[in-house]
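Since the structure comes first, as structure tokens, the remarks are kept for the end.
The values are calculated or read from the model by the stated rules, or taken from the named source; none is laboratory data. Everything numeric in this text was worked out from a predicted model, so none of it was measured. Here the Cβ is made from the backbone with ideal geometry for all residues, glycine too, and neighbour counts use every protein chain on show.
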């Protein structure tokens with residue numbers, strides 16, 4: 001039996017010292033939770049929490065041809081970016097599915113950073129290398145960069161004393177500067193929780209310095225650490241897709257409701273087929289739903305009609321801490337994708353009534 005090599009993040013011992021429950025996730029030892037999912041979730045919504053998400057991957061793309069390479073492999077139009085702007089996008093494959101979803105950061109003229117999912121690091125890097133036919137300068141910095149996400153309405157108040165950068169940042173922007181006395185720190189405002197906040201990218205060698213500064217600054221606002229468990233419930237309340245659940249190698253961006261990041265003003269990998277799909281329509285769609293009866297939907301549960309016929313599958317589901325109701329996302333046949341459509345989630349061989357609702361579930 002193959003033993004998978006589980007990697008450690010730079011701040012692993014800090015999390016253990018704080019009593020975090022560590023679990024293997026995306027090939028790394030990661031903090032799942034500290035005091036409990038619900039408490040951590042609500043603290044991020046109402047105050048501020050800090051996540052270590054150092055499992056994410058960072059690829060630098062620099063120099064002449066950088067934009068052309070990014071344009072070819074991603075679905076969104078990166079030509080509209082200017083330095084300091086960030087874009088959500090995906091990398092389509094040749095079979096109608098998605099290699100990964102990612103963030104494209106324009107740091108400077110001809111300098112971009114691609115932030116990808118930790119579970120897809122090798123796959124994404126190989127895809128980038130394969131399509132780099134013009135010898136653009138690319139570099140995988142994933143193993144040398146740590147990443148903290150400081151999320152919640154008090155994030156700006158907490159972090160402002162640590163930097164002279166203006167943290168009154170528009171959503172999906174990025175800047176570089178001095179943070180906690182460390183130079184060349186990247187700070188962005190892309191958020192995966194719907195609670196506002198920042199992502200802080202820094203070299204592993206500076207991890208302890210920045211960790212200590214963040215912990216100290218957190219005391220003034222009663223910051224609490226937050227684990228990956230509540231990160232998942234927070235993103236689901238916002239209807240954000242999670243790769244491996246709601247999108248994967250076999251789901252098309254059109255089916256997944258990601259037509260808004262699929263721009264046919266340019267040619268990119270499989271763009272002709274995706275354009276045809278958009279014009280002709282799809283047979284299934286990713287929808288949000290809420291349960292009308294007791295039960296909790298889970299990944300891979302069957303979605304059925306009133307007669308018990310299969311009409312789809314649950315991709316994500318939970319009891320939403322901010323809403324106190326069971327919610328989920330899943331693919332259903334297009335005729336069941338309209339708002340208020342009645343569907344049933346098969347839980348322990350019983351059809352639990354649900355209805356299709358507009359996302360985000362949490363309106364803030």
**Request:** Could you tell me which numbered condition residue 346 fails, if it satisfies all but one of (1) touching a helix residue (DSSP H, G or I) at 6+ places or on another chain (Cβ under 9 Å); (2) assigned to a strand (DSSP E or B)?
**Result:** (1)
**Prompt:** Just one of 58, 40 is surrounded by fewer than 23 Cβ atoms within 10 Å (Cβ to Cβ), in contact (Cβ under 8 Å) with a residue 40 or more places away in the chain and in the same structural domain as residue 135 (by TED's automatic domain parsing); which is it?
**Reply:** 58
**Request:** For residue 300, indicate whether it is at positive phi, touching a strand residue (DSSP E or B) at 6+ places or on another chain (Cβ under 8 Å) and outside the structural domain of residue 97 (by TED's automatic domain parsing).
**Result:** yes
**Message:** For the structure I just gave you, tell me whether residue 274 is in a helix (DSSP H, G or I) and over 28 Å from residue 79 (Cβ atoms).
**Reply:** no
**Prompt:** Taking segment 206-228 on its own, how many of its residues are in contact with a helix residue (DSSP H, G or I) (Cβ under 7 Å, 6 or more places away or on another chain) and surrounded by 21 or more Cβ atoms within 10 Å (Cβ to Cβ)?
**Reply:** 3
**Message:** Residues that are without any contact (Cβ under 8 Å) to a residue 60 or more places away in the chain, over 30 Å from residue 127 (Cα atoms) and either in contact with a helix residue (DSSP H, G or I) (Cβ under 7 Å, 6 or more places away or on another chain) or in a strand (DSSP E or B) (or both): does segment 282-303 have at least one?
**Reply:** yes
**Filter pass, residue 78 being more than 21 Å from the chain's Cα centre (by Cα) and touching a residue at least 12 places away in the same chain (Cβ under 8 Å)** = no
**Asked** Pick from 249, 300: which is modelled with pLDDT of 95 or more, within 23 Å of the chain's Cα centre (by Cα) and exposed (fewer than 14 other Cβ atoms within 10 Å of the Cβ)?
**Response** 300
**Filtered residues of segment 95-133 (kept if out of contact with any strand residue (DSSP E or B) (no Cβ under 8 Å at 6 or more places or on another chain) and either at pLDDT below 95 or on the phi > 0 side of the Ramachandran plot (or both))** = 96
**Filtered residue count, segment 317-335, keeping only those that are without any contact (Cβ under 8 Å) to a residue 40 or more places away in the chain and either farther than 27 Å from residue 41 by Cβ or assigned by TED's automatic domain parsing to the domain that holds residue 229 (or both)** = 1
**Item:** Criterion (at pLDDT 95 or above, outside the structural domain of residue 97 (by TED's automatic domain parsing) and either under 29 Å from residue 95 (Cα atoms) or surrounded by fewer than 17 Cβ atoms within 10 Å (Cβ to Cβ) (or both)) met by exactly one of 269, 314
**Value:** 314
**Request:** Residues that are surrounded by fewer than 17 Cβ atoms within 10 Å (Cβ to Cβ): find the strands (runs of 3 or more DSSP E) completely inside segment 105-171 holding 1 or more of those.
**Result:** 111-116, 137-140
**Prompt:** Somewhere in segment 69-87, is a residue at pLDDT 95 or above, more than 24 Å from residue 250 (Cα to Cα), in contact with a helix residue (DSSP H, G or I) (Cβ under 9 Å, 6 or more places away or on another chain) and surrounded by fewer than 16 Cβ atoms within 10 Å (Cβ to Cβ)?
**Reply:** yes
